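Novice: Encoded as structure tokens, here's the structure I'll be asking about.
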Amino acid sequence: MDAEVRLYDRLFLDENPLGHKDKDFLEFINPDSLQTITAKLEPSLATAQPLDFFQFQRVGYFNVDKDSTPEKLVFNRTVGLRDSWGKKK
């Protein structure tokens, strides 16, 4: 079954956006802080209720959003399994 999945990432591109006296912190906003994708899910998730949580294999932990309906499930990533700060350094 299809579901909307919201992948949240950090809001800022810099660990300390207020640490630059010569720049506005808004210059460090991450334009990719929210990605919305369509994912294929197991049919057993059709009865998932808002705030139920699941681990999607090798991706992270997700909960059912309050925007979900029986016809359209929406999941939010709450915790990813990888640390991407280390990759950016």
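Any read-out appearing in this document is the output of simple, stated calculations on the displayed coordinates, not a laboratory observation. Everything numeric here is computed off the predicted structure, so don't read it as measured data. Heads up, the Cβs are rebuilt from the backbone with ideal geometry, glycines too, and the neighbour counts pull from every protein chain shown.
Novice: Give the total of Lys-Lys pairs in the chain with Cα-Cα distances below 23 Å; include a pair only if its members are 8 or more places apart or on different chains.
Specialist: Lysine pairs meeting the criterion: 6.
Novice: List the trypsin sites (Lys or Arg not before Pro) within segment 1-56 that DSSP assigns to loop and that have no more than 16 neighbouring Cβ atoms inside 10 Å.
Specialist: R10, K21, K23
Novice: Note down the nm distance, to one decimal, between modelled labels 7 Å out along Cα→Cβ at E15 and at L81.
Specialist: Going from the E15 label point to the L81 one covers 2.6 nm.
Novice: Working out 0.36 nm times the residue gap between T38 and V59, then minus their Cα-Cα distance, what length gain in nm do you get to one decimal?
Specialist: Full extension from T38 to V59 adds 6.1 nm.
Novice: Between the DSSP loop rule and a limit of at most 14 other Cβ atoms within 10 Å, which GluC sites (Glu not before Pro) in segment 1-77 are left?
Specialist: Passing both the DSSP loop test and the Cβ count: E15, E71.
Novice: What ranking of L26, L7, L73 emerges when the number of other C-beta atoms within 10 Å of each C-beta is taken as an exposure proxy, fewest first?
Specialist: In order of increasing Cβ crowding within 10 Å: L26, L7, L73.
Novice: Nothing charged except the Cβ atoms of Lys and Arg (+1) and of Asp and Glu (-1): what's the magnitude of the dipole of segment 2-88 about its Cα centre? Round to the nearest 20 debye.
Specialist: 260
Novice: Translational diffusion coefficient, Stokes-Einstein: compute it for segment 1-75 using the Kirkwood radius over C-alpha pairs as Rh, at 10 °C and 1.306 mPa s, and state it as an integer in µm² s⁻¹.
Specialist: 111
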